[in-house]
Structure formats: structure tokens, C-alpha cells
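For reference, the structure discussed in these notes is given below.
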Amino acid sequence: MGAYREQLLRETYGSKSPQIYGQKEEEPSGTLSMFKLKFTICLFLFAGFAYLSLTGSSFCNVTADQIVEAVTNEDLYIQLSELGFMEHP
């Protein structure tokens with residue numbers, strides 16, 4: 001390493017090692033990419049549901065009303081209440 005570079009590093013970083021400033025903590029790429037994938041899938045599903053709801057059309061003979069009925073089905077409420085997530089009506 002040249003003398004000028006060493007002097008510049010000493011002036012910039014002082015007594016601390018330049019490696020401290022050069023390294024950045026990064027999030028695990030697997031966790032972040034999995035979150036992005038799940039978020040993108042949820043976004044597309046919601047956009048599809050919103051489209052079906054606004055236009056009144058169907059996809060593979062399934063309408064938005066049928067999706068709402070399936071999600072708000074009494075069986076789902078019973079299962080969630082047994083797990084403690086919702087109160088039974």
C-alpha cells in the first residue's frame with residue numbers, strides 16, 4: 001500500500017480500522033426474498049378479487065360473492081373460535 005493511501009486512511013478513519021466502515025450488515029437474502037414473494041402473491045390475489053368484485057365477472061366459474069361466502073362461512077368461524085382467534089357468535 002502506498003504512503004499516500006495509508007495517510008489518507010489514517011486521516012479518514014483515525015485509529016479505527018477501515019474494515020469496520022466498509023462492512024454493512026445485510027438482512028438474510030432468503031428471508032427478504034420469501035417475504036417479497038409472499039407479498040407479491042397476496043397483492044395479485046387481492047387485485048384479482050377486487051377486479052372480480054368491481055366488474056361482477058367470474059374466474060373459473062367462481063365469483064367474488066362465492067369467495068366472500070366461503071371466507072365468511074360458519075365453519076370457518078367455528079374453527080377460528082376453537083383456536084381462540086375469534087369469539088363464536
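Rule-based calculations on the coordinates, nothing more; no lab input. Remember, it's a predicted structure, so these values are computed and weren't measured experimentally.
Would you please classify the overall shape of the range 32-84 from the alpha carbon gyration tensor, given that a ≥ b ≥ c denote the square roots of the eigenvalues, rounded means a/c under 1.5, and beyond that prolate means a/b larger than b/c while oblate covers the rest? Display every interim value, and only then the final one.
Working: a/c = 3.19, a/b = 1.06, b/c = 3.00.
In terms of gyration-tensor shape, oblate.
Shown in residue order for the range 59-69 are the 3J(HN,Hα) couplings computed by the Karplus curve 6.51 cos²θ - 1.76 cosθ + 1.60 at θ = phi - 60°: 10, 6, 6, 10, 9, 5, 5, 5, 5, 5, 5 Hz (x for Gly and Pro).
Computed from phi, the 3J(HN,Hα) profile of the range 47-53 under the Karplus parametrisation 6.51, -1.76, 1.60 (θ = phi - 60°) reads 4, x, 5, 4, 4, 4, 5 Hz, with x in place of Gly and Pro.
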